[in-house]
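Chemist: This structure is in structure tokens; I'll ask about it shortly.
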Amino acid sequence: HPKMVGDVATGVFLVWEDHRAGLQEKDIYGQHFDLSGTRNWRHSGMPISTSPSFQQNISVATDENHDLFMVWEDFRNGLYWNLFAQKIDRAGNFKWGNSGLDIFSGVEENHQQPHIVPDGLGGLLFVYQKYSDLTDGTDIYRGRLDKDGQLLFHFATCFSQNEQLNPRIVR
């Protein structure tokens, strides 16, 4: 499931789900290419998240500072899907920790189907879906991370009976 996005200046970022560690592991790798097609990171891709278990369903975006933003579903705790985020510059420097940022650290709920856009201030806006016992279905939520990866807010957008699925956000 490769995802590609322009860096708004000199090339493109490519990220993908990778099983090179085995079928019981799904990791995230990435690459930056300049406009002539030259790889700027490791030849076989740079590991972005190689934590235990599965990392999948990546959403990507770039901002005016040419940084790559990613949010993905992560099952590293073995109990529930949570959302993790990362911000990387064109040189491949991680801005939000080596293993990604656990957006809802310690919250034991399934957060899935993330979609993101930059907020114009070095951070990002995101939407996702989450199952709720209160509505007996999946609801849509929204949130914002600032430039340092701090969660500024997250609220229900559509909290209604049955299923609300596959949220998307556009700028």
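Chemist: Going 7 Å from the Cα of MET4 in the Cα-to-Cβ direction, what parts of region 21-44 have a backbone nitrogen less than 15 Å from that spot?
Modeler: Once the point is set 7 Å along Cα→Cβ of MET4, 30-40 turn out to lie under 15 Å by backbone N, inside region 21-44.
Chemist: According to a simple spin-label model (label point 7 Å from Cα along Cα-to-Cβ), what is the distance in nm between GLU64 and TYR80?
Modeler: Taking the two extended label points, one gets 3.7 nm.
Chemist: For the chain, build the charge dipole from Cβ charges (+1 Lys, Arg; -1 Asp, Glu) around the Cα centre, then report which of LEU121, THR135, GLY45 sits farthest towards its positive end.
Modeler: Projecting each Cα onto the dipole axis, the largest value belongs to GLY45.
Chemist: Using Cα springs under 10 Å in a Gaussian network model of the chain, which residue among GLY123, GLY92, GLY106 shows the largest mean-square fluctuation?
Modeler: Comparing GLY123, GLY92, GLY106 in a Gaussian network model of the chain, the most mobile one is GLY106.
Chemist: Moving to a separate point now. Add +1 for every Lys or Arg and -1 for every Asp or Glu among the other residues with Cβ under 13 Å from the Cβ of ASP18, and state the total.
Modeler: Summing Lys and Arg as +1 and Asp and Glu as -1 gives +1.
Chemist: I need the calculated FRET efficiency for the pair PHE153 and ASP34, taking r as the beta carbon distance and R₀ as 25 Å, to the nearest 0.05.
Modeler: Once the sixth-power term is evaluated, E becomes 0.10.
Chemist: Report which label in [x] 121; [y] 94; [z] 111 holds the value of volume of the Cα convex hull per residue in Å³ derived from the coordinates of this structure.
Modeler: [z]
Chemist: Tell me the per residue accessible area of the chain using a 1.4 Å probe; a whole number in Å² is fine.
Modeler: Details: 8390 Å² over 171 residues.
On a per-residue basis, 49 Å².
Chemist: Cβ under 10 Å from GLN161's Cβ, GLN161 left aside: what net charge do those residues give with Lys, Arg +1 and Asp, Glu -1?
Modeler: Within the 10 Å Cβ shell, the charges total -3.
Chemist: Okay, moving on. At 0.36 nm per residue, and after removing the present C-alpha to C-alpha distance, how many nm does the segment from LEU134 to ASP146 gain when stretched out fully? Intermediate results must be reported in sequence, preceding the final value.
Modeler: Numbers: separation 12, 0.36 × 12 = 4.32 nm, distance 2.97 nm.
Between LEU134 and ASP146, full extension yields 1.3 nm more.
Chemist: Now for a different question. Do any trypsin sites (Lys or Arg not before Pro) in region 1-92 lie in a loop, going by DSSP, with at most 12 other beta-carbon atoms within 10 Å of their beta carbon, and if so which?
Modeler: ARG20, ARG42
Chemist: Can you give the local net charge around GLY78? Use residues other than it whose beta-carbon is closer than 13 angstrom to its beta-carbon, Lys and Arg +1, Asp and Glu -1.
Modeler: Counting the neighbours of GLY78, the net charge comes to -2.
Chemist: Answer with one residue from SER160, SER36, HIS111: the one whose Cα lies farthest towards the positive end of the charge dipole of the chain, charges on Cβ with Lys, Arg +1 and Asp, Glu -1.
Modeler: Toward the positive end, the furthest listed residue is SER36.
Chemist: On to the next question. Please list VAL127, VAL107 in order of solvent-accessible area, largest first, computed with a 1.4 Å probe with all protein chains present.
Modeler: Correct descending sequence by accessible area is VAL107, VAL127.
Chemist: Here's another thing I want to ask about it. Order the following by accessible area, largest value first: ASP89, ASP63. Probe radius 1.4 Å; ligands, DNA and RNA are ignored. Walk me through the numbers on the way to the answer.
Modeler: Values: ASP89 30, ASP63 5 Å².
The ordering from most to least exposed comes out as ASP89, ASP63.
Chemist: Leaving out ligands, DNA and RNA, and with a 1.4 Å probe, what % of the accessible surface on region 57-171 is carbon or sulfur?
Modeler: Carbon and sulfur together cover 46 percent of it.
The values are calculated or read from the model by the stated rules, or taken from the named source; none is laboratory data. Not measured: the values here are computed from a predicted model. Neighbour counts are summed over all protein chains in view; Cβ atoms, including those assigned to glycine, are modelled from backbone coordinates with ideal geometry. All accessible areas refer to the heavy atoms of the entire protein, side chains included, with ligands and DNA or RNA removed. Shrake-Rupley method; radii C 1.70, N 1.55, O 1.52, S 1.80 Å.
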